[in-house]
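S.K.: The structure that follows is given in the form of structure tokens.
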Amino acid sequence: MTTNDNKKPQKVLGAYALGALLLIFLLNIFVFPGLLERSIRETSYSDFLMNLDSHQVEQVEFDAQNYTIYYTVKIPDSDRSQTCKTGIINMSDELVNRIYTSGAEFASAIPTRQSPLMSLLVGLIMPALIFFGIGLLLQKWMAKNITGGPGGAMSFGKSNAKIYVKSSTGIKFSDVAGEDEAKELLTELVDFLHNPDKYRDIGASMPKGALLVGPPGTGKTLLAKAVAGEAEVPFFSISGSEFVEMFVGMGAAKVRDLFRQANEKAPCIVFIDEIDTIGKKRDGNIGGNDEREQTLNQLLTEMDGFDGSKGVVILAATNRPDSLDPALTRPGRFDRRIPVELPDLQGREDILKVHAKKIKISDNVNFHDIAKAASGASGAELANIVNEAALRAVRSGRRFANQADLEESIEVVIAGYQKKNRVLSEKEKLIVSYHEIGHALVAAMQSNSAPVHKITIIPRTSGALGYTMQVEDGEHFLMSKEELENKIATFTGGRAAEELIFHSVTTGASNDIEQATKLARAMITRYGMSDEFDMVAMETVSNQYLGGDTSLACSAETQTKIDQKTVAVVRAQHEKAAKILQENLPKLHELAKYLYDHETITGDEFMEILLKKQEAQTDAATH
Ligand code: ADP
Ligand code: MG
Ligand code: ZN
């Protein structure tokens, strides 16, 4: 099925065929009928009888269906004859006799409307040509729309892997910040390709494949490109989805072709991005996705097939490692699993610096602070933050981006743009002010909570009317039960403030409620933080890198208990938050008023007001 080679001639042939078809078609419609019709003269019946009687008619043919007589008449002074036609008045024996006696011949070969050649053309060749033409068109259409590749329908089963060589990507390991472990492992792979002897001497064999796993935007694709840039060997890059074809078996053919090419070019690296598209677990379902399974089977076979000594290394990337077929991830196929996790504080700072090199930025920017504020951001988000900062600088007519640009763009990336035209009513603004200060105050008053970084009540395009940004002091990898509870209390602080001040509740807390519930539930079902269930997991996380869906694994009764316990945990924290606010009511009022007036308040301002007030209070107490 690899007839790519005669594509050109075929195209030319197709064009000719189409042209010829069109010509014949037009001739047939407009020219031939006219020619033939013109050569047949229409005469009256009496003319026919006259010619008969003067023995000038040579041949006669009856077309009984159309009530027509065709006859030929001798043209005087030549040996040619003229074909004529006339209507039949009456098909009587007398007429037959009259023709017979005139010496004319009964014939059936008078060329009537179509020449025999024409009828052959119309009857046989034309349909064939039409089908051929349609076939060609269809093939072109399929080439464009279905296979996607430049080869088209006649090149099914050709892989469209792009070959990168050293210079073409231009991306080096130095362009990838953080991810030191991943870089180290990949550097070794590259070294193996460059100095195989060093490893062979000791008897170590080349790892056949490495699987990059991690959440989206952490630089998996980037790392692979860096490998391409560092390794001085051919680099094939293909995305898993490119193997997915409309027809069963085509994906498998593509895999075969890819590995054939790779074997020819060895030593080389093959990179399959988003491998979960083809590498999904095969399940026992009858009538499952045959095409995908065949493609996967072919991939497994190919990975077993080539010997490691040739130097074909397979890299693959995915953010759904748990959905991969176990056969694919076993040692011998993907020997190495390289985690590419979300960057830590240092990593974020490095990534920011790498991307800041691409824009003009003032020298006194403190990347450490930005990295701190952007906790949980992926590499892609950080790259986006830097770019947003540059855009913001341009918008405000400056030639360099500064600290404020970066800070604002964190919020843009996290919460969306400031909504210019949404004007909150005075009452709404007041409620939002109290709500946000409620969060902040509860957070600040609990010793284990992170201090507030910034509070704003400027509406964002994401729909948030305001938010409180908390920044962790340092990196946290463990969370104690108390810290989790304090977090829940902070989430409920917004609603608690509304209740306390306005004695009513609003829809503004829906996101808080969601997050508080999630945390409380996880404490009970996953972290073993309830007294009753001890260290039993009631829930398992399936999609760890993509949102982290959970599935319950317990009886219906236990589920009911879990629900009750979740409510109890949140309620306790909600009450705690209400109590904290009640105790600090004067501060709540003052801070809310300040936020209402200024719309944005930084962590420092917040703490200043909070502490000043406290001093005043303690002063009053001592007097
Ligand atoms: P994925 O892991 O989803 O494949 P990509 O590799 O496509 O993510 O990363 C998207 C973009 O994010 C990159 O082009 C790069 O600009 C940025 N990025 C992600 N991680 C890093 C990193 N560690 N260092 C520098 N830039 C990064
Ligand atoms: Mg990617
Ligand atoms: Zn809130």
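The values are calculated or read from the model by the stated rules, or taken from the named source; none is laboratory data. Bear in mind that the values here come from a model prediction, so they are computed numbers and not experimental data. Virtual Cβ from ideal backbone geometry, glycine too; neighbours counted across all protein chains shown.
S.K.: Quick check on segment 289-312. Is at least one of its residues within 16 Å of ligand 1 (Cβ to nearest atom) and at pLDDT 85 or above? Quick ask: steps written out before the conclusion?
M.R.: Kept after step one, since they are within 16 Å of ligand 1 (Cβ to nearest atom), are these residues of segment 289-312: none.
No: segment 289-312 contains no residue that is within 16 Å of ligand 1 (Cβ to nearest atom) and at pLDDT 85 or above.
S.K.: Given the criteria basic (Lys, Arg) and modelled with pLDDT of 85 or more, does ARG333 qualify? Steps first, answer last, please.
M.R.: Values: basic (Lys, Arg): yes; modelled with pLDDT of 85 or more: no.
Against the criterion (basic (Lys, Arg) and modelled with pLDDT of 85 or more), ARG333 does not qualify.
Residue-wise test of (1) assigned by TED's automatic domain parsing to the domain that holds LEU138; (2) of a type outside the set (Ser, Thr, Tyr); (3) at pLDDT below 85; (4) more than 29 Å from LEU120 (Cα to Cα).
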{"site": "LYS8", "(1), (2), (3), (4)": "yes, yes, yes, yes"}
{"site": "GLY14", "(1), (2), (3), (4)": "yes, yes, yes, no"}
{"site": "GLY19", "(1), (2), (3), (4)": "yes, yes, yes, no"}
{"site": "LEU26", "(1), (2), (3), (4)": "yes, yes, yes, no"}
{"site": "ILE29", "(1), (2), (3), (4)": "yes, yes, yes, no"}
{"site": "TYR67", "(1), (2), (3), (4)": "no, no, yes, no"}
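S.K.: Do any helices (runs of 4 or more DSSP H) lying entirely in segment 155-240 carry at least 1 residues that are away from ligand 2 (no atom under 16 Å from the Cβ) and modelled with pLDDT of 80 or more, and which ones are they? Before the answer, list the steps.
M.R.: On the way: elements: 166-169, 180-194, 196-202, 220-230.
Counting at least 1 such residues, we get 180-194, 196-202, 220-230.
S.K.: A further question follows. Determine whether ALA316 is more than 16 Å from ligand 3 (Cβ to nearest atom), part of a strand (DSSP E or B) and at pLDDT 85 or above. Outline the logic, then answer.
M.R.: Values: more than 16 Å from ligand 3 (Cβ to nearest atom): yes; part of a strand (DSSP E or B): yes; at pLDDT 85 or above: yes.
Taking the combined requirement at face value, the residue satisfies it.
S.K.: Considering only segment 359-376, I want to know if a residue exists there that is under 28 Å from the mean Cα position of the chain (by Cα), closer than 29 Å to GLY279 by Cβ and of a type outside the set (Asp, Glu). Quick ask: steps written out before the conclusion?
M.R.: Narrowing segment 359-376 to residues under 28 Å from the mean Cα position of the chain (by Cα): 374-376.
From the residues that got through so far, the ones that are closer than 29 Å to GLY279 by Cβ too are 376.
If we keep only those that are of a type outside the set (Asp, Glu) too, we end up with 376.
Within segment 359-376, one or more residues are under 28 Å from the mean Cα position of the chain (by Cα), closer than 29 Å to GLY279 by Cβ and of a type outside the set (Asp, Glu).
S.K.: Here's a follow-up. Return the total of residues in segment 181-211 being surrounded by 13 or more Cβ atoms within 10 Å (Cβ to Cβ) and either within 16 Å of ligand 1 (Cβ to nearest atom) or at positive phi (or both).
M.R.: 7
S.K.: With the checklist (1) assigned by TED's automatic domain parsing to the domain that holds SER362; (2) at pLDDT 85 or above in hand, flag the one item TYR434 doesn't pass.
M.R.: Failed condition: (1).
S.K.: Output the qualifying pairs, or none if there are none: Cβ atoms under 7 angstrom, residues six or more apart or on different chains, first residue in segment 190-202 and touching a residue at least 60 places away in the same chain (Cβ under 8 Å), second residue part of a helix (DSSP H, G or I).
M.R.: Here the result reads PHE192/TYR199, each pair linking segment 190-202 to a residue that is part of a helix (DSSP H, G or I).
S.K.: Then there's this: Looking at segment 367-388 only, could you name the residues that are hydrophobic (A, V, I, L, M, F, W, C), farther than 17 Å from LYS220 by Cα and within 10 Å of ligand 1 (Cβ to nearest atom)?
M.R.: Going residue by residue through segment 367-388, those that are hydrophobic (A, V, I, L, M, F, W, C) are 367, 370-371, 373-374, 377, 380, 382-383, 385-386.
Filter again for farther than 17 Å from LYS220 by Cα, leaving 367, 370-371, 373-374, 385-386.
Within segment 367-388, just VAL386 meets the criteria.
S.K.: Could you check segment 574-613 and list, in sequence order, the residues that are free of Cβ contacts under 8 Å to residues at least 12 places away in the same chain and either farther than 18 Å from GLU499 by Cα or polar (S, T, N, Q) (or both)?
M.R.: ASP597, HIS598, ASP604, GLU605, GLU608, LEU611, LYS612
S.K.: Would you be able to tell me the number of residues in segment 264-276 that are surrounded by 19 or more Cβ atoms within 10 Å (Cβ to Cβ) and not in a loop (DSSP other than H, G, I, E, B)?
M.R.: 7
S.K.: Yes or no: ILE370 outside any loop (DSSP other than H, G, I, E, B), at pLDDT 85 or above and in the same structural domain as LEU588 (by TED's automatic domain parsing)? Spell out how you get there, then give the answer.
M.R.: Values: outside any loop (DSSP other than H, G, I, E, B): yes; at pLDDT 85 or above: yes; in the same structural domain as LEU588 (by TED's automatic domain parsing): no.
No.
S.K.: Shifting gears a bit: Would you mind finding the one in LEU591, LEU585, LEU595 that is surrounded by fewer than 15 Cβ atoms within 10 Å (Cβ to Cβ), within 16 Å of GLY494 (Cα to Cα) and among the hydrophobic types (A, V, I, L, M, F, W, C)? Don't jump to the end; show me each part of the working.
M.R.: Values: LEU591 fails: surrounded by fewer than 15 Cβ atoms within 10 Å (Cβ to Cβ); LEU595 fails: surrounded by fewer than 15 Cβ atoms within 10 Å (Cβ to Cβ).
Going through LEU591, LEU585, LEU595 in turn, the sole match is LEU585.
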